[in-house]
Amino acid sequence: MVAVHSPGFVGGKNLGTRLGGEAVLHQLIRTKEPQEIYPFGINLIGEYNVTGDMWQYTSILEKIGIKIVSTLVGDGRIENIQMAHTAKLNVIVCAKSLIALTRKMQEKYNIPYISVSF
């Protein structure tokens, strides 16, 4: 469980997502170290996987040697999110949702980010 400071459920969807991202950054990320750090590990940020199409893309990425360290939020798993600080790149799938998180991860963990559309 992650506590999100959102008094009175302030703001709209994007603000709520930003506040949730900050809570994840402070409460989950870097709370576990992996057994292996991947040279081409990425985080998929703002990935909602509503229609399941991300499963096709992640399979292709892994076949070419790009390891998905964690995903936020669609298929995210706590154990993977805890190790998100080990990724070499944050890939923003939905530019509006968690851009603040990627900027803070760049400042805190030196992880660059790019915005893409699959």
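Per-structure values
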read-out	value
Selection count, the range 87-99, where residues are touching a Gly at 6+ places or on another chain (Cβ under 6 Å) and modelled with pLDDT of 85 or more	5
Options 49, 80: the member that is surrounded by 17 or more Cβ atoms within 10 Å (Cβ to Cβ), touching an Asp or Glu at 6+ places or on another chain (Cβ under 6 Å) and either more than 17 Å from residue 116 (Cβ to Cβ) or of a type outside the set (Phe, Trp, Tyr) (or both)	49
Some residue of the range 20-33 being outside any helix (DSSP H, G or I) and touching a Lys or Arg at 6+ places or on another chain (Cβ under 8 Å)	no
Boolean, residue 27 is within 20 Å of residue 3 (Cβ to Cβ), without any contact (Cβ under 8 Å) to a residue 40 or more places away in the chain, of a type outside the set (Lys, Arg) and surrounded by 13 or more Cβ atoms within 10 Å (Cβ to Cβ)	yes
Positions within the range 82-98 being touching a residue at least 60 places away in the same chain (Cβ under 8 Å) and among the aliphatic types (A, V, I, L, M), in sequence order	98
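The values are calculated or read from the model by the stated rules, or taken from the named source; none is laboratory data. Treat the numbers as computed from the prediction; the structure is a model and nothing was measured. Counting neighbours? That spans all protein chains shown, and the Cβs are built from the backbone with ideal geometry, glycine included.
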